[in-house]
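Written out below as structure tokens is the structure these notes cover.
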Amino acid sequence: MHFIDQYKFEKCELKYNGDFRTREFNCWNQFVQLFFGQLTSRNSLGDICLCLKAPKSKLYHLKIKGHVNQSTLSRANEDRDWRIYADFGQYLIDLVRPLYETNPIPNLSVRIGFNNDFP
């Protein structure tokens, strides 16, 4: 997780007021838990929550404050503004795009264009 810039994420979150009226499960925790699910190829929110319940002592090193229920994660996915994650994803894409300018990515024939309206 030390490769991911939490400050840039917080700028995106503040732009759309993502943590308005939240107590403990903020946008960063939501992102980290979904990121963990993506990296470990989890198939569902329930699977993510189950995997994060097992190693409670290791959650601190993943920068996760604690595990959440599937319903809490699902509700956060429904209620929070998707543009927070879209803007941060665009930032990450713009960050790694120069690394692949000279080396084509295998099995990727369509070049996707994005606008550069990142704050």
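What the table below lists for this structure:
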{"quantity": "Cβ-derived FRET efficiency at R0 30 Å, Asn43 paired with Lys65, nearest 0.05", "calculated": "0.80"}
{"quantity": "Cα long-axis angle, helix 82-96 against the chain (0 to 90 degrees, to the nearest 10)", "calculated": "50 degrees"}
{"quantity": "More than 15 angstrom apart: percent of Cα pairs within the range 1-55", "calculated": "55 percent"}
{"quantity": "Angle in degrees between helix 27-39 and the longest Cα principal axis of the chain, rounded to the nearest 10", "calculated": "70 degrees"}
{"quantity": "The chain - mean residue ellipticity at 222 nm from DSSP helices (-39,500 (n - 2.57) per run, n ≥ 4, rounded to 500)", "calculated": "-14500 deg cm²/dmol"}
{"quantity": "Peptides 57-69, 21-33 ordered by average Cβ neighbours within 10 Å, highest first", "calculated": "21-33, 57-69"}
{"quantity": "Total lysine pairs under 21 Å (Cα atoms) in the chain, excluding pairs fewer than 8 apart on one chain", "calculated": "7"}
{"quantity": "Vicinal HN-Hα couplings computed from phi for the range 58-64 (Karplus, 6.51 cos²θ - 1.76 cosθ + 1.60; Hz; Gly/Pro x)", "calculated": "8, 4, 4, 6, 8, 6, 10"}
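Where a number appears in this text, it was derived from the coordinates with a stated rule and is not lab data. Bear in mind the structure is a predicted one, so any value in this text is a computation, not a measurement. Ideal geometry is used to build each Cβ from the backbone, glycine not excepted, and the neighbour counts take in all protein chains shown.
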